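Nothing in this text is a laboratory measurement; each read-out follows from the coordinates by a stated rule. Remember, predicted model here, so these are calculated numbers, not experimental data. Neighbour counts run over all protein chains shown; Cβ positions are idealised from the backbone, glycine included.
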Protein chains: 2
Amino acid sequence: MQAKQHLNSEATEQCEKVAVTVALGDGIGPEITRATLDILAAAGARIAPEYIDIGEKLYLSGHSSGIAPDAWESLRRNKVFLKGPVTTPAGDGYKSLNVTIRKTLGLYANVRPCVSYAPFVATLHPKLDIVIVRENEEDLYAGIEHRQSDEVFQCLKLISRPGCEKIVRYAFDYARSHGRKKVTCMVKDNIMKMTDGLFYKVFQEIAVEYPDIATERYIIDIGAARLATQPQRFDVIVTPNLYGDILSDIAAEMTGSVGLAPSANIGEQIAMFEAIHGSAPDIAGQGVANPSGLLLAAVMMLVHIGQAEVAARVHNAWLATLEEGIHTADLQGEQSQQVVSTAGFAEAVIARLGRLPQRFTPVQYQSQPRQPAVKNLYKRATPAHKVLLGVDIFLHERNFTPEQLASRLLALTKGILHLQMITNRGVKVWPEGFPETFCTDHWRCRFMPAQSTQFTQLPQEVKQQDIVQLLQTLTQAGLDVMKTENLYSFNGERGFALGQGQ
Amino acid sequence: MQAKQHLNSEATEQCEKVAVTVALGDGIGPEITRATLDILAAAGARIAPEYIDIGEKLYLSGHSSGIAPDAWESLRRNKVFLKGPVTTPAGDGYKSLNVTIRKTLGLYANVRPCVSYAPFVATLHPKLDIVIVRENEEDLYAGIEHRQSDEVFQCLKLISRPGCEKIVRYAFDYARSHGRKKVTCMVKDNIMKMTDGLFYKVFQEIAVEYPDIATERYIIDIGAARLATQPQRFDVIVTPNLYGDILSDIAAEMTGSVGLAPSANIGEQIAMFEAIHGSAPDIAGQGVANPSGLLLAAVMMLVHIGQAEVAARVHNAWLATLEEGIHTADLQGEQSQQVVSTAGFAEAVIARLGRLPQRFTPVQYQSQPRQPAVKNLYKRATPAHKVLLGVDIFLHERNFTPEQLASRLLALTKGILHLQMITNRGVKVWPEGFPETFCTDHWRCRFMPAQSTQFTQLPQEVKQQDIVQLLQTLTQAGLDVMKTENLYSFNGERGFALGQGQ
């Protein structure tokens, strides 16, 4: 009877195990991943690893993204991914596996805790303890680039409301569940009033739902400067993709130990956990690599799947190991008592499971139910009342002055759409341009109904057909149109920026 | 006879004086500008100041850019501008004077030397001595933003060949004429292969003309991280506008003394010199402000107008003053021997004219002819052979799956242009999308002739008329087109990026 009960309880425990897709990766990947899994097993992590192959082997066998269909199936099924570092072979035609996984699986949040471990790791900033929450899917990283003229190349920066809402909400949820006190938003909304302006507007909207978390905003230039000089001022930072890319590298480097830093890529359905360092093929197979980055990523994973207690046990044992001077070769220094192998380090952490660090502050993770498979879903808003007000038509022309171009356009256009302004790289050059303004061969010509120039209360609505007609006229006259951008209002609010100097 | 000769020589000297437009500015502007001009006069600078009013007074008298027509005339006439800090009044409708001046006068280079003055200014980075050369006109700062759907906002990043050539050439010229050894290029060309790729390509092209200058390239994220941790690795850094904005604030802040930093804004015809600090209205009129930022800007101006010897005399006297502990209140510290007023500081510098610093390395500026009024003019290249290959049409649609949208487009389009791909925020969602990809209401639909899909050697040329016809068809069918981007090849090279996952 007792035996049966024991069996039942074991069975229950078995049922509770969370299936986790694991990739050993390339280079030092297999050794650090095995060390990590050994520690997790000894700590009582209730996980069931399912192994997939990714990386070099797959690239070289003809999968240009470094991953095969059955591996995708495993990720879809398990929705949690512990990933060793991979090697992307040199040469064109091999795509970044991380970018592919992030974008196709919608991993919208890149979460990177950066912590200094002085005096065990030398740093000028011993009090650095920051989490960067970086938007991971949009911004300039949408990869939409066009060459539009002999001289001008363009990349689209896209910022979406769902993208902003998801990342900002994630940052506040993270702050709350991890006992963080403040979320700082960094944007450049003094220049990019619409795109970065949206990000900050959403930040303000969502902040009111978290009255227990302090908030602040920095313009990215001075914010990055403060981060580089006074990192102790910051707690959680939430920011668009490009700024986050820069800030998270700055913060990680400032800790003095990029090798210890973990990161998480979180999606609505799937999450991926990894070290931020690479596969270090030069020291692969020697058993000397430091497994700490991946181990701390596994700690993030345990919190994510609702095993906060195990996460804290592992993290505290790791801190105790570090402060007792049991170090892998990369951390060898004055504070080292014993330099150990990868496996030796794992054994040392296992031997300390259940202990709290004495010099570092022990870590606590808030016990919370396992994250739902689908969380933080974006709720699409009611559509705004959108009114078409005109069009920006971009021309590739090298032989005109602004005045000549304007004359030609004015002579050609007879319909509702009138030429209101010409800019070159954003600066108004007609009407009333400055002769000193340098002009490329890339002209933006704004067409709106005559009375809409000043964007009065009742601008005149335009029809798509008017724009098609205008394009017809211009192209038939031999003008080299290479792109258009429609001008709208949304619920009466202007949906386009004025020209510089307008 | 002797008297007459003396008169003649004086007259010659008089003739050599360079007319310089000077604005005292707002707040502490007048006191620091007067202190600066006193030092220049005592040092024998051959300049003739012509004063203009800009800033607060002008803003409030109805000039929305803070500058009046006669001031523009002075700038155009003299082409050299020493500018005190200005106050932009709070409230909408007042435009940044600096942005207006930069963009309308084509000041394409923002040059910011950042130097640590340890132990007189506390810093974690005593060996920092860097010049950031930031592109100043284009990139995301063209201010071209559009809201395109309920959910998506867009900002255009424009990078032009003339913009890149001018800034890169300026950086190498600056390095050579200032005895600098290395120019580092920072870009994100692993992601933005076309725009940032152009910047780096131009950097490589121009670098070969300067075999005496070492070069290196960093991806901006790791570059910024290295700057923040090991600034002594860098010498001159050249970079596009946004990155330069961030890097120059980081470097200035790391010196510990934003108040000492000068900057120059250089155009083909006109150049502007100023401190990077603001007008500090809280301490205005008290005679306690530190004039060093503007004074060092004036030193840059003297080098620019070919008065290198005077520039070095002023700079070395300033260094001697600093190291003797004669400090304004902002620098008061352990190393201060005497705390002086703004005027007292100017007197101390004047008293040391002709002396070299003992602890700091004396400054030398290479004697060179006065910069020509128009220099570094961009030579427009021969046009490439441009072939129109298709079009990206962007739709605002909220009620379709990618498959449904593709079906509808396939059913509608009968001409030469066939639907090849649909992406959402850059990620391919048709054909063969992933169900996990999050889709906004903003769809990019790529149309090319059927046989051009793989961009074979001989893609089929499209006519503008084909695109107009396609737009006609789509809009008549009620599809909500909100922008287009034409697809070209230039001299046979693809002028557009593939979709992510394509």
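Some points to look at:
- Summarising the label geometry, the points placed 7 Å from Cα in the beta-carbon direction at A:D282 and A:K193 lie 5.0 nm from one another.
- Calculated Rg and Dmax of segment B:49-96 using C-alpha coordinates, Å: 11.0, 33
- The charge dipole of segment A:98-166, taken about its Cα centre with unit charges on the Cβ of Lys, Arg, Asp and Glu (plus for the first two, minus for the last two), comes to roughly 300 debye.
- Here chain B is assigned +1 on the Cβ of each Lys and Arg and -1 on the Cβ of each Asp and Glu. Its dipole about the Cα centre then comes out at about 1260 debye.
- Directionally averaged projected area (convex hull, Cα atoms, chain A), nm²: 29.7 nm²
- Unit charges on C-beta of K, R, D, E only; dipole of the protein assembly as shown, Debye: 840 debye
- Across peptide B:157-169, the mean count of Cβ atoms from other chains lying within 10 Å of each residue's own Cβ comes to 5.
- Separation of the A:Q472 and B:Q472 label points, Cα + 7 Å toward Cβ, nm: 0.6 nm
- Shape call, the protein assembly as shown: gyration tensor on alpha carbons, a/c limit 1.5: oblate
- Gyration tensor verdict on segment A:261-329 (Cα atoms; rounded if a/c is under 1.5, prolate if a/b is larger than b/c, oblate otherwise): oblate
- Here B:G91 yields copy-to-copy label distances, from shortest upward, of 6.6 nm, the label point defined as 7 Å from Cα along Cα to C-beta.
- Cleavage-rule hits, trypsin sites (Lys or Arg not before Pro), segment B:68-166, DSSP coil, Cβ neighbours within 10 Å at most 14: B:K127
- The relative contact order of segment B:204-308, computed from alpha carbon pairs under 8 Å that lie at least 6 residues apart in sequence, is 19 percent.
- The angle between the Cα long axis of helix A:195-207 and the longest principal axis of the Cα atoms of chain A comes to about 50 degrees, rounded to the nearest 10.
- This ranking places B:I54, A:I219 by how few other beta-carbon atoms lie within 10 Å of each, fewest first, which gives A:I219, B:I54.
- Rounded, prolate or oblate (a/c below 1.5 giving rounded, otherwise prolate when a/b exceeds b/c) for segment B:256-393 by Cα gyration tensor: prolate
- For the segment B:262-273, counting C-beta atoms of other chains within 10 Å of every residue's C-beta and taking the mean gives 1.
- Compared with the dominant Cα axis of chain A, that is its longest principal axis, helix A:241-254 is turned about 40°.
- For A:T382, label point 7 Å along C-beta direction: distances to other copies, nm: 6.2
- Label point of B:A118 (7 Å along Cα→beta-carbon): distances to the other copies' equivalent points are 1.3 nm, sorted ascending.
- Relative contact order [Cα under 8 Å, 6+ residues apart], chain A, whole percent: 15 percent
- GluC sites (Glu not before Pro) within segment A:320-425, DSSP loop, no more than 10 other Cβ atoms inside 10 Å: A:E334
- Between 0 and 90 degrees, the angle of helix B:29-43 with respect to the longest Cα principal axis of chain B falls at about 60 degrees.
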